[in-house]
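The values are calculated or read from the model by the stated rules, or taken from the named source; none is laboratory data. Computed from a predicted model, the values in this text were never measured in an experiment. Note that each Cβ is placed from the backbone with ideal geometry, even for glycine, and that neighbours are counted across all protein chains shown. Areas reflect the complete protein model, heavy atoms only, side chains present, ligands, DNA and RNA absent. Shrake-Rupley method; radii C 1.70, N 1.55, O 1.52, S 1.80 Å.
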Amino acid sequence: MQKNFIAGEWLEGARFSRNINPSDTRDLVGEYAQADAAQTQLAIAAAEAAFPAWSLSTPQQRFDILDAIGSEILARRAELGDLLAREEGKTMPEAVGEVARAGNIFKFFAGEALRPGGEMMPSVRPGVGIEISREALGVIGIITPWNFPIAIPAWKIAPALAYGNCVVFKPADLVPGSAWALAEILSRSGLPQGVFNLVMGRGSEVGATLLADPRIAAVTFTGSVGTGQKVAAACVARMAKFQLEMGGKNPMVVLDDADLGVAVNCAVQSGFFSTGQRCTASSRLIVTDGIHDRFVAAVMERMQSLKVDDARKAGTDIGPVVDQSQLDQDMAYIGIAQAEGAQLVCGGEAIERSADGHPGFYLTPALLSGTSATMRINREEVFGPVVSVLRATDYEEALFMANDTPFGLAAGIATTSLKHATHFKRHSQAGMVMVNLPTAGVDYHVPFGGRKGSSYGPREQGRYAAEFYTTVKTAYTQA
Ligand code: NAD
């Protein structure tokens, strides 16, 4: 049984949960403690007590600790990647890549601990100087989803600590294994007791306790829109700072002048890889008339060659869906789309066993054509390997359709036209825009986030993370 890490100690939970491998449901990854409200409050108290000293720790101390954490994660990327693939179901190359990203994020923020610059300004009054600086907030509550079990925790924990905050981290119930392994590394990193705490457990209990506690200065959340709305309401009620990263319905526009190979690669990569379970996945392919039929035929041909199998088996392109309820949701949306008049032209078949006969939650990638902008399949996030095609007459209509969504996380365009690429970058209503690249797959040192219903609050990652994890102080001095 893996325990929670609170005030520098490993503690039994009130209950425990079983972590199941979605590629082989007979395989128990492990048993993990689940905290209750009282234990969560213990973690909050420990973090609060640790804050005064940690917020004044030297940049060198923070650099050394975060850099060492990053080095260990990178050195153990194969082992941690295997655990991640086993509990979440992404393929080994994807899982190892995610672990490496987590390691690089810790190293990036180790550097940021050394660069907390400020500004000096003259006052409008004679003899007065002004300094503008950033300070840590206090205790940060971190709530993460299941689809990036180590990278998302890393991109919240690393900046929180780098800027001098303390952390209470609640990972997703479905994937406690990678979160626990990360916490175990942090527990040996030299962080003073209470600076970092892990409380695994239910959202309705551990998560809700974090949201309600006045000792939590700020909450950073990634997950679904519904839960994000609860986080927002709870934080506003007590005027706590918060940041939300939520769903997407990301468009990939394919114009007549696109390089067909590039366009197909962008669509297949970001539509189906990681089993379509990425907030930046392209789930709407908006294709102009002149290339539509050739493009759909080429995507279907490529889809036939994708191997859906055990996530940890060499040669697997697409691992299983994360669990039965997500599989049910994926299948339900395929049915809803068909009932609204879409054609299922490829895939969409639930398979109960891997090639080796393991019971798991397998689904062949699904392509729906003949869809229209008002259908639910084009307005609601599925979060699976389910992609729809919309036909557009020209670039202008394609751009309109791309923006015609309640979400605004990522958007892509495949084109060889500099004019259209430039116009799309400027006029897309998404936080991240890709030209001739998949919408999923972003760098770790630059801002990440969206607009409209996808995000709320300052951007995550890169230097922009300071906006959330610090507060600004303006100090006046009369010489
Ligand atoms: P979810 O909303 O069900 O859960 C997210 C986290 O919130 C979990 O840790 C959960 O336990 C916790 N939670 C649940 N109820 C809570 C409550 N009442 N109070 C406090 N915490 C609570 O999301 P999920 O199913 O784990 O993740 C999938 C979703 O995450 C998708 O919608 C996806 O688009 C989104 N996502 C967004 C991004 C992004 O950066 N925009 C990245 C990855 C995933």
Given the residues VAL382, VAL389, which is the only one that is in contact (Cβ under 8 Å) with a residue 40 or more places away in the chain, among the aliphatic types (A, V, I, L, M), open to solvent by less than 30 Å² (accessible area, probe 1.4 Å) and in a strand (DSSP E or B)? VAL389
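Every residue, every condition in (1) in a strand (DSSP E or B); (2) touching a residue at least 60 places away in the same chain (Cβ under 8 Å); (3) open to solvent by 60 Å² or more (accessible area, probe 1.4 Å), yes or no:
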| position | (1), (2), (3) |
| --- | --- |
| LEU437 | no, yes, yes |
| TYR444 | no, yes, yes |
| GLY453 | no, yes, no |
| ALA466 | no, yes, no |
| ALA475 | yes, yes, no |
In region 404-426, how many are in a helix (DSSP H, G or I) and touching a residue at least 60 places away in the same chain (Cβ under 8 Å)? 2
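To keep it simple, each residue is scored yes or no on (1) in contact (Cβ under 8 Å) with a residue 12 or more places away in the chain; (2) surrounded by fewer than 24 Cβ atoms within 10 Å (Cβ to Cβ).
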| site | (1), (2) |
| --- | --- |
| VAL254 | yes, no |
| VAL262 | yes, yes |
| CYS266 | yes, no |
| ASP293 | no, yes |
| VAL296 | yes, yes |
| ARG302 | yes, yes |
Selection within region 219-250 - assigned to a strand (DSSP E or B) and either in contact with a Gly (Cβ under 7 Å, 6 or more places away or on another chain) or at pLDDT below 95 (or both): VAL219, PHE221, PHE242, GLN243, LEU244, GLU245
Picking from ARG77, ARG18, which residue would you name as being under 17 Å from PRO171 (Cβ atoms) and open to solvent by 30 Å² or more (accessible area, probe 1.4 Å)? ARG18
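Results for (1) within 30 Å of ASP317 (Cβ to Cβ); (2) among the polar types (S, T, N, Q); (3) part of a helix (DSSP H, G or I), shown as yes or no for each residue.
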site	(1), (2), (3)
THR40	no, yes, yes
ALA47	no, no, yes
PHE51	no, no, yes
LEU83	yes, no, yes
GLU98	yes, no, yes
ILE105	yes, no, yes
PRO116	no, no, no
Cβ-Cβ distance below 9 Å, separation of 6 or more or different chains: which pairs start in region 227-241 with a residue that is assigned by TED's automatic domain parsing to the domain that holds ALA212 and within 10 Å of the ligand (Cβ to nearest atom) and end on one that is part of a helix (DSSP H, G or I) and open to solvent by 90 Å² or more (accessible area, probe 1.4 Å)? none
Working only within region 196-218, note down all residues that are part of a strand (DSSP E or B) and surrounded by fewer than 24 Cβ atoms within 10 Å (Cβ to Cβ). ALA217, ALA218
